[in-house]
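Input: a single structure, listed below in structure tokens.
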Amino acid sequence: MASMISRSGLIALILSGLILLQGLYAYQTSMGNLNLREENEMLRVQVLSLNATLSSLQENYTLSEQEREALQLLLEDLNNSLARWREKYLQLSLNYTLLNETLGAEISNLTSSLNALQGRFNELYENYTLLNLKYLTLSENYTLLREELEEFNTTYVHLAEEYQGLSEQLERVVEEYEQYRSDYQALVEAVNLHSDHPREEESLFITPDDSSVTSLVMSITGGWEDPSDWGEFWTDVKSLYDWVTENISYRYDGYYPILPSSPNGTYYNYNEMWQFPNETLTLEMGDCEDMAILLATLIQSYAADVPVYCITIFNDNSGHMAVFISVPVQQDKICILDPAGRYYTNTGYYPYEITQRDIATEVENWLDYWAGHGMAGAYVGWVFSIDDWRDFEDTSAFEAWLYSIT
């Protein structure tokens with residue numbers, strides 16, 4: 001009979017088998033990537049080997065009933081373990097199949113997505129390449145524009161400095177021009193005032209406060225001592241009239257320039273020129289309007305509150321100017337004083353004292369007087385005083401206005 005091994009050695013052998021099975025399970029679990037069929041086959045071979053070893057042990061060794069029962073229980077445990085392992089194997093095989101199918105579908109989807117992404121990537125990369133070329137071109141253009149901008153800024157600074165200088169020069173030129181224009185306009189007003197009539201500024205010629213006028217009035221009349229004495233008034237007015245006729249010689253106007261409104265315009269000469277009273281006094285000569293203006297100024301200086309008017313008449317060929325006075329205390333009356341024409345409203349008999357007559361009557365007398373001196377058909381055109389200016393369509397309009405204010 002073959003030699004026998006100890007019980008402890010047999011148990012150790014069986015335990016070694018169990019440990020081997022546990023190792024195989026652990027190995028199977030840790031090596032989940034191996035083929036499951038191969039793993040199951042290895043496990044089956046191990047179990048068969050253990051069964052053979054057990055059969056051999058049963059044949060060669062005599063065991064007690066207790067030991068046999070223990071071995072039988074151990075064998076059952078091993079078979080049960082094998083069954084469990086087979087069940088786990090089947091479950092794992094099923095899971096593997098499902099996982100393989102799931103992973104296969106996902107891998108297919110991922111492959112399709114990858115291919116689509118690859119195509120999109122290629123498209124984007126191509127666009128990126130084109131955009132990069134454009135960027136490089138724009139970058140070069142930007143650099144050139146930057147250089148041009150810097151050059152422009154430098155030029156701008158120089159131009160701004162030049163502009164500032166030119167602007168200051170222009171301001172000075174404008175100021176000089178405005179002053180020149182103002183001076184020229186003042187010159188135009190001063191020059192043209194002498195010859196450009198009517199212009200509604202004729203009142204400026206009556207200057208009762210001029211020192212040469214006031215001193216002359218005082219030397220002739222001594223002043224109006226009793227303003228309530230109208231007899232004194234008319235006597236002194238006649239003295240002023242006589243002084244003008246006796247001391248101012250008649251002189252026809254020569255040509256006098258009329259300046260254009262703009263310096264580059266064309267001026268022309270006109271054979272009419274008005275003098276201010278002080279100019280007539282200095283020259284001691286003048287024509288009808290110069291004598292009339294001087295006389296009106298003398299009377300206005302003598303009696304500041306009495307309206308004294310210069311009156312102008314016209315016909316188709318010429319014009320003439322004289323003076324008239326209409327005081328409120330003698331209603332609808334008028335006195336005409338015409339130093340150049342040697343005419344004044346008088347009594348009509350010697351010594352031809354100065355007086356006043358009805359407006360219409362005296363105006364017609366005066367017009368008739370000039371009709372006999374070559375001004376047939378003359379009519380009253382306009383009148384002015386120190387603070388008034390009026391024009392009329394005809395003599396009747398003038399008479400109507402005069403009746404309305406006296």
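The values are calculated or read from the model by the stated rules, or taken from the named source; none is laboratory data. This is a predicted model, so every value here is computed, not measured. FYI the Cβ positions are ideal-geometry reconstructions off the backbone, even for glycines, and counts take in every protein chain you see.
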>> Looking at the stretch 194-202, can you tell me whether even one residue there is touching a helix residue (DSSP H, G or I) at 6+ places or on another chain (Cβ under 6 Å) and either modelled with pLDDT of 95 or more or not assigned by TED's automatic domain parsing to the domain that holds residue 388 (or both)?
In response: no
> If only one of 185, 169, 179 is among the polar types (S, T, N, Q), within 24 Å of residue 272 (Cα to Cα), within 60 Å of the chain's Cα centre (by Cα) and assigned to a helix (DSSP H, G or I), which one is it?
Replying inline: 185
> Of the residues in the stretch 385-406, how many are among the polar types (S, T, N, Q) and surrounded by 14 or more Cβ atoms within 10 Å (Cβ to Cβ)?
Replying inline: 3
> Residue check: is residue 341 under 22 Å from residue 240 (Cβ atoms), assigned by TED's automatic domain parsing to the domain that holds residue 291, touching a residue at least 40 places away in the same chain (Cβ under 8 Å) and buried (at least 16 other Cβ atoms within 10 Å of the Cβ)?
Replying inline: yes
> What number of residues within the stretch 198-223 are more than 13 Å from residue 297 (Cβ to Cβ) and crowded, with 18+ Cβ neighbours inside 10 Å?
Replying inline: 1
>> Among the residues that make up the stretch 276-287, is at least one of them under 30 Å from residue 179 (Cβ atoms), in contact (Cβ under 8 Å) with a residue 24 or more places away in the chain and within 59 Å of the chain's Cα centre (by Cα)?
In response: yes
>> Being hydroxyl-bearing (Ser, Thr, Tyr), out of contact with any strand residue (DSSP E or B) (no Cβ under 9 Å at 6 or more places or on another chain), under 27 Å from residue 393 (Cβ atoms) and in the same structural domain as residue 384 (by TED's automatic domain parsing) narrows it down to one residue among 262, 326, 318; which is it?
In response: 318
>> Between 295, 283, which is under 13 Å from residue 205 (Cβ atoms) and not acidic (Asp, Glu)?
In response: 295
>> Quick check on my filter: what residues within the stretch 253-275 are under 24 Å from residue 324 (Cβ atoms) and either touching a Pro at 6+ places or on another chain (Cβ under 9 Å) or not hydrophobic (A, V, I, L, M, F, W, C) (or both)?
In response: 253, 272, 275
>> Given the condition more than 30 Å from residue 38 (Cα to Cα), modelled with pLDDT under 85 and assigned to a helix (DSSP H, G or I), answer yes or no: does some residue in the stretch 130-150 qualify?
In response: no
> Where in the stretch 295-406 are there strands (runs of 3 or more DSSP E), lying fully within it, with 2 or more residues that are at pLDDT below 95?
Replying inline: none
> Can you name every residue in the stretch 259-275 that is closer than 19 Å to residue 186 by Cα and either in contact (Cβ under 8 Å) with a residue 40 or more places away in the chain or part of a loop (DSSP other than H, G, I, E, B) (or both)?
Replying inline: 259, 260, 261, 262, 263, 264, 265, 266, 267, 273, 274, 275
> Residues of the stretch 280-305 being in contact with a strand residue (DSSP E or B) (Cβ under 8 Å, 6 or more places away or on another chain) and surrounded by fewer than 17 Cβ atoms within 10 Å (Cβ to Cβ), which ones?
Replying inline: 284, 285
